[in-house]
Structure formats: C-alpha cells, structure tokens
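Read through the structure below, which is laid out as structure tokens, and then see the notes.
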Amino acid sequence: MTAQERVAATPLGTLERGGFAVLELDQVFPLSRLLVEIDGDEVLEPLSLDREFLIVPIPENLRGTRHELVLFRTVPGTQVEIERWSFQTFAQGQVDFGSTVDLDAGVRRTEDGETDQFATLNGALDFDLGLGAFTGELNFLWDRNAFGDDESELFVDSYFLQFRQQLDFADLFLKVGTHFIENDTLVMDESQRRGVSVTLGDPTETQRARVFALQASSSVDDQNISGLEDPDDLVFGAEAAFFPVPGSIFKLSLAAQEGKALLGPSAFPGEGSAAGVAVSGGIGPSPLTYEILARTSEWTDVFGRITGTSYQAELSYTLLPVDDPRALEVSIRHFRTSADYFSALDPEFIPGLQGNGVTVSWFGPAVQWSLEASRAKTNTDGLRTRERDKITAVSFDAVYDPGVFTGGFLLGTTFGFSAAYSQQERIRSPFSGAAPQDNQQVSLQFNIDQQRARTAWGVAYSYEIYDDETPTDFDEELQRIDAIYAYTPSEEVTAIAAAGYQYIDAFGDISESAELVLSLDYEFVPNQWSVVLEAGLTESDGPIGADGQFGRAEVAYEFAPENEIYLGMLYGAGTTVLPFAENDGWAVVAGIRLEFDLFSRYRDQF
C-alpha cells in the first residue's frame, strides 16, 4: 500500500468529547447495519438517524487530539467501509500525545525462484500542548517493497503544525503543513494540500475568516514539503463562513483564489483566478430550506485566456410535521456551468453542463427510499463548433429493515433494492466535433442479509447492461451473484464461507468466473493469542491468467489493548494478490502494531 492509495478523510473540524458528530449520508442505509469506529474502536453508544444525517456520539475517553471516524456497513462476517472523516478534540490536559505505528518485515520467494526482503513502516503521531495552544500531526509511510530494488520510499501523507492564540473576541490560528479546507462555494475541493494559513474564528472554526497560500496540486509525497517551494504550482486566496443573523441557520460563505497550477483544463500549466459566494438557510418557521451558490473564473495558458461561470440552486421541503418521526422530503435543483469554467483548487470539476433535478426521499423506522431524476445538456454556451449531448438519469434506492419482527424467519433480516437508468443522446454534431457516444445504461441490484447472535448470511444479485447506440454497437452485459455465510459458535471463533459467480458478455465475447473463500478466526487465549486461517480460489474461462489461488495463516499475540505482534505466511498466485505476496509466490512476514498515549500515565500532573 502506498500513500496514494489511501482513502482521503473528510474533515469535520473540532468536536467535543462527549458531544456528537453529524454525518451527512449520500444514500439510504438501514440503521441496524451501520457500525462506526473512532480510532479503530467501535462506538458502543447507540447511533441515530435524522433523515439523511447520522448522529454519532463522541466518546469521552479518546486518546490524543487527532482522530479518524470510519463508517461501515456490516455484512455477514465482516464490514464494508462506506466513508471516513477526520476531526480533532481539545487536549485533556496541558500535554497530550498519541501515536499508532505498524511495522511489517519479512522475506518472500516467487515461483520463479527469486527471493527478496521487504519492510514497511506506517505511522501516525499527534500532540497537543497547552490545551490547543500548539498542536501537530504527522502521517507517514516508509516502504521497501519491490523485487530487485534496494531503494526505499518515504511518503509523507500529511502533517501540520498549528499555533492558536486566544483573543478577546475570537481565536487566531497559524497553520503550516497539510490543509483540508471545506467551503460551501465549491471554489475549492477537499483534497489535501500543503501550505500556510492564518485564520480568525471561533475555536471550532465554524465561523471564520482565513487567508492562505497553498500548493495547487494535491500533496502525498516527500516533494515540496512546505507546499510553497514551486512558484508555478502555488495559489493565494481567502475564504470565510459566517452565520450573520443570531439564532438563525442562515449561512454566508465566500471564497477567492489566484495563482498558478501545473495542470490546467487543457492539461497545460497556466495561471488564473476563481471566486464564489454561497448562501443557505431556511425561510421563516416553515420546513423549507435553500442553498444557492455562484462562481466565476478566469484562466490563461498557451491556448489563450478563457472565462467561465457556474451557478447552482437547491430547494428542499419536508412535507410531514417536524415532530413526526418519519420524514418525506422533496428537493429540486438547477445547475449551470459554462464550458470554460476552471478553478485551480478544484481541477476535477466537470464544466459545460446545464440541467435540472428532483429528489424525493422517505425516511421511516422500517422503510427508507430515495428517488432521484435529472436531465442535463452539454455545451451550455451553445457554441456551434462543439457537439451537444442530452443526458438523462433516474435512480431508486430502498432498504427495508423490519426491526418490528422479534422472531421467525425475518428476525435480524434486511432487504435492499436499487435501480438506475441513464441515457446519453447526441442532439447536435458540428462538422469537426467528436463522434457521438449515444448509449443507454441499466443497472439493478437486490440483496438480503440476516444477522443473528450466532449465524449470519447474505445473498446479493446485480445486473448491468450497456447498450451502445452508435454504429460500433459495443454492447456489454454483466450479471453477478454473491453469497456469504458466517458462523460464530462463541465470542472466540468465527468461520466464514463466501462464494461468487460472474457472467460477462462484452462485445459478443462471453466469459464466466467463480470464486470461493474460506476463513477461520480463532482467539484460543481470550484477549491475547489468536490465529487466522484463510484460503481462496478463482476459476475462470476468461483471459489467460484469470485463475488464481491464495492462502494465509497468521498468529498474533496482543500484549496490551490495541497492541500486538504477529507472524504470518502468505501465498498468492494468478489474479489474486495479497500484500507482500505478489508475483506468484510465498511470503513470511512478522510485524508489530502499536497504539500508545505517551502522557496517559502523567496527564493529571500537567
């Protein structure tokens, strides 16, 4: 694993121990299947759902000041990660320090007889001095993990140092290092970028005014550590967020930036600026809320100067009374972005779309569903020299979580269904424009799972079809079914069997594949010694090399909570790749995983 492969965490700012985190979910989930971990430990206090918002209690006994919250959906025998967030808390004393370290090292041998040694060190350090007066964080990965390559690599995933000064009317923050800046104007995305900033605001930075100098490119390696070393990849700017009306949810957000970037809209370096404003709130005491934003940009590179604008508006109305535990919400939105809009701090944004959308969502104690439809057109400026397409999309997601059943077959059972349809259609083609990409796509998915004290099982079926409506007629069809069964006779033993079958018809070439995975997790000395055994295989009539097998055996000793040493043996061949066992061969690996709080014993003395 490299630093580039890590999943970025959305920042939540500063939260209070014993308080709550409010997470907005972008799809419906049954509450009984949601699990939250903070710093690797499961949150045991009850979670709650308020429409599309998940409310998570923050434990009082968190160690350190920098934390990661991960949301999982539980499936039989395991958990599937949905999203992750990062947040910070104030120190519990004058000095607070936390750390996690994973060290893996070993030897491996391929079936060709090649032998190599490897080692990886993955660490996270954070500290808080003087109740937030001076805080810092470092996340890094050192890797020596390539056959025939004695060189090692160091990835500085993220770091920062922050000084905080309490003033009579606000707090003043000076920050150096990695930034995750979230602003409602969407002039900038939430990628991690290195640089410096000065912020004046409340302790949680909910209301703030900030000036910054940031590297335009996302930062995940040991180059340009400060973010200020490359003048051709540097952006200066300011952003702010306020609640100007006391006691109201009305919010005003502003952002502006100017500078240079190595990668512009035409994949060439250049310089430019962007600015935006966003307002959100509610209309009187009614359940009507709104969000409106507008952006403008200017960019100059070897192809000349371009300017662009972007607008977006959304209205949401809740049809049921506020005190009703259920909710029926209707949202309508309009969006328009000119083809030449570009922001150096949001380079992945897709311009040139204009359209409307509507979403109807139901949130009930047993049933939740969401229906969304949108229609958009490309080439919003109507330029005759550019092609224009019409894009239509409709989707429906639903979950049924019958918690009212306390016995019989439905005890612990949930059902899920989703369907989606999209169509892209060429409505105007210039003489020299790109070839049409007319197509229709349909996808269906159904799943059922049951989780009880000792047993759990699940079945999922999915169907996808791509109908190419151009003369090439490159149609595709995919069908897949997965099944899993987990048996837990005691808290110390879990056995899992999983199988899958897949059918693919790509341009008339049909291939089929099947997978089987068996695993056993046995804690033979509770809270100390454990063993994991796992084996799997894949059989396919597809391309050469599609077959694969793997095996893993690991023994671990937990010498303190969240701290363990382990010894493992891995084997991988064919398409199946395990960490440290690439290139068809064996690997023997030993490692240590540490999590500690340096001042936990002495905190009360500071």
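The values are calculated or read from the model by the stated rules, or taken from the named source; none is laboratory data. Since the model is a prediction, treat every value here as computed from it, not as a measurement. Because the Cβ atoms are built from the backbone with ideal geometry, glycine has one as well, and the counts that use them run over all protein chains shown. When the accessible area is computed, the model is the full protein with side chains, heavy atoms only, and any ligands, DNA or RNA have been set aside. Shrake-Rupley method; radii C 1.70, N 1.55, O 1.52, S 1.80 Å.
Could you count how many residues in segment 498-515 are part of a strand (DSSP E or B), open to solvent by 70 Å² or more (accessible area, probe 1.4 Å), more than 11 Å from Glu539 (Cβ to Cβ) and of a type outside the set (A, V, I, L, M)?
1
Quick one: which of Leu254, Leu186 is open to solvent by 30 Å² or more (accessible area, probe 1.4 Å), more than 25 Å from Phe134 (Cβ to Cβ) and either among the acidic types (Asp, Glu) or in a loop (DSSP other than H, G, I, E, B) (or both)?
Leu186
I want to confirm something. Restricting to segment 7-30 and keeping residues that are open to solvent by 60 Å² or more (accessible area, probe 1.4 Å) and in contact with an Asp or Glu (Cβ under 7 Å, 6 or more places away or on another chain), which single residue is modelled with the lowest pLDDT?
Step one: of segment 7-30, the residues open to solvent by 60 Å² or more (accessible area, probe 1.4 Å) are 7-8, 16, 20, 22, 24, 26-27.
Pick out the ones that are also in contact with an Asp or Glu (Cβ under 7 Å, 6 or more places away or on another chain) and you get 24, 27.
Values: Glu24: 83, Gln27: 75.
Residue satisfying both the conditions and the ranking: Gln27.
Does Asn439 meet the test of being at pLDDT 90 or above, polar (S, T, N, Q) and over 25 Å from the mean Cα position of the chain (by Cα)?
yes
One residue is enough: does segment 273-290 have a residue meeting the conditions open to solvent by less than 30 Å² (accessible area, probe 1.4 Å), closer than 21 Å to Ser374 by Cα and out of contact with any helix residue (DSSP H, G or I) (no Cβ under 7 Å at 6 or more places or on another chain)?
No - not one qualifying residue is present in segment 273-290.
Which one is surrounded by the fewest Cβ atoms within 10 Å (Cβ to Cβ), of the residues in segment 461-482 that are over 10 Å from Ser443 (Cβ atoms) and of a type in the set (Val, Ile, Thr)? Show your work before the answer.
If we filter segment 461-482 for residues that are over 10 Å from Ser443 (Cβ atoms), which is where we start, we get 461, 467-477, 479-482.
Imposing the further condition that a residue be of a type in the set (Val, Ile, Thr) reduces the set to 470, 472, 481.
Numbers: Thr470: 12, Thr472: 9, Ile481: 15.
The residue in question is Thr472.
Being open to solvent by less than 50 Å² (accessible area, probe 1.4 Å) and either closer than 24 Å to Arg73 by Cβ or modelled with pLDDT under 80 (or both) is the filter here; which residues of segment 416-429 pass it?
Once the filter is applied, which keeps residues that are open to solvent by less than 50 Å² (accessible area, probe 1.4 Å) and either closer than 24 Å to Arg73 by Cβ or modelled with pLDDT under 80 (or both), segment 416-429 yields Gly416, Ser418, Ala419, Ala420.
Condition check ((1) open to solvent by less than 30 Å² (accessible area, probe 1.4 Å); (2) part of a loop (DSSP other than H, G, I, E, B); (3) basic (Lys, Arg)) across all residues:
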residue: Ser310; (1), (2), (3): yes, no, no
residue: Asp324; (1), (2), (3): no, yes, no
residue: Asp346; (1), (2), (3): yes, yes, no
residue: Phe349; (1), (2), (3): no, yes, no
residue: Gly355; (1), (2), (3): yes, no, no
residue: Thr385; (1), (2), (3): no, yes, no
residue: Pro402; (1), (2), (3): yes, yes, no
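Based on what the data block shows, is Ala393 part of a loop (DSSP other than H, G, I, E, B) and not basic (Lys, Arg)?
So Ala393 fails the test.
Kindly provide the set of residues from segment 124-143 that are out of contact with any Leu (no Cβ under 9 Å at 6 or more places or on another chain) and at pLDDT 75 or above, ordered by number.
Asp128, Leu129, Gly130, Gly132, Ala133 - these are the residues of segment 124-143 that are out of contact with any Leu (no Cβ under 9 Å at 6 or more places or on another chain) and at pLDDT 75 or above.
Suppose we filter Ser266, Ser248, Ser226 for residues that are in a loop (DSSP other than H, G, I, E, B), within 27 Å of Ala21 (Cα to Cα), touching a residue at least 24 places away in the same chain (Cβ under 8 Å) and open to solvent by 30 Å² or more (accessible area, probe 1.4 Å); which single one remains? Outline the logic, then answer.
Values: Ser266 fails: within 27 Å of Ala21 (Cα to Cα); Ser226 fails: within 27 Å of Ala21 (Cα to Cα).
Just a single option satisfies the conditions, and that option is Ser248.
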